[in-house]
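Beneath this line is the structure, given in structure tokens, with notes to follow.
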Amino acid sequence: MTADSVQSIRDQLYDEAAMDVPDDETPDVGIIMGSDSDLPTMAGGKGKRPGAYEALATELDFAEQTDYTEAPDARFTFETFVCSAHRTPDLMYAYAETAEARGIDVIIAGAGGKSADLPNMTASIAYPLPVIGVPVQEKSVDSVIGMPQGAPITAVDAGKSFNAALTAVQMLSREHDELRERLVTYHEGLQTEVGEVSRDLHELGTPGFKDEYWEE
Ligand code: RP5
């Protein structure tokens, strides 16, 4: 039994996979997660640290593509779906099976709980497309990274979907110099921040730095 709401997404994915869309109009990165309760970790917000959404949309100028047949103006894009390995295995299968034909170059897959199977099963089905797994909780790490020899997955530490997005763009940047430049600029920004804060700490002294930087 497949719910109509799930079947309609499956149908849509297979329809899109059969379309002949130029590569620069399809999403480059696919973000999937086991539940919308994973969204604060996968996207950032709601008290969680910045996530993949911030890395892609805010730091690296990607746009979120919400309609496969209507690409945003931005050259580089990502899409986002919920797809539970246990509750909607056929949706997971459809997403992973169609990803390459739909023009996705790399998948970021996040799941929580002790049986966080979405990343590793997606990696098996979507192979040879690379999949970056995000354990949404500490207790999910083993089930995300525990793949047998010959069945690869790349994974980040628990909750670090921001880094998963950086890794995804590193992969894409091997084909796109523009993305390499964006990654370098992002990294230079990090260095600049460390340098500025170091100078301020040194020159203001610890009490002065606390007054300046720390909120009461
Ligand atoms: C996992 O179970 C999901 O990835 C989520 O982290 C966890 C709980 O899911 P919900 O019950 O909040 O939908 O499959």
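The values are calculated or read from the model by the stated rules, or taken from the named source; none is laboratory data. All of these numbers come straight from a predicted model, not from anything done at the bench. Note that we place each Cβ from the backbone using ideal geometry, even for glycine, and neighbour counts take in every protein chain shown. All accessible areas refer to the heavy atoms of the entire protein, side chains included, with ligands and DNA or RNA removed. Shrake-Rupley method; radii C 1.70, N 1.55, O 1.52, S 1.80 Å.
Of the listed residues R180, R87, R102, the order by accessible area with a 1.4 Å probe, largest first, is R87, R180, R102. Estimated from helices alone, the mean residue ellipticity of the chain at 222 nm is -14000 deg cm²/dmol (sum of -39500 (n - 2.57) over DSSP H runs with n ≥ 4, per residue). Between E138 and E212, residue separation times 0.36 nm minus the direct Cα-Cα distance comes to 23.2 nm.
Once the chain from S124 to E70 is taken as fully extended at 0.36 nm per residue, the excess over their C-alpha distance is 16.5 nm.
Across region 175-189, the residues whose backbone nitrogen lies under 20 Å from the label position 7 Å along the beta-carbon direction of S198 are 184-189. In this Cβ point-charge picture (+1 for Lys and Arg, -1 for Asp and Glu), the chain has a dipole of about 1040 debye about its Cα centre. Taking every DSSP bridge with both residues inside the chain, close to 5 percent are antiparallel. Within the chain, all pairs of alpha-carbon atoms sorted by distance into 5 Å bins from zero give the percentages 1, 7, 14, 17, 18, 15, 11, 6, 4, 3, 2, 1, 0, 0.
Separation of region 127-203 from region 4-48 is 20 Å, based on Cα centroids. Taken over the chain, lysine pairs spaced eight or more positions apart, or on distinct chains, with alpha carbons under 19 Å apart number 6.
This model, with +1 at the C-beta of Lys and Arg and -1 at the C-beta of Asp and Glu, gives region 1-98 a dipole about its Cα centre of some 720 debye.
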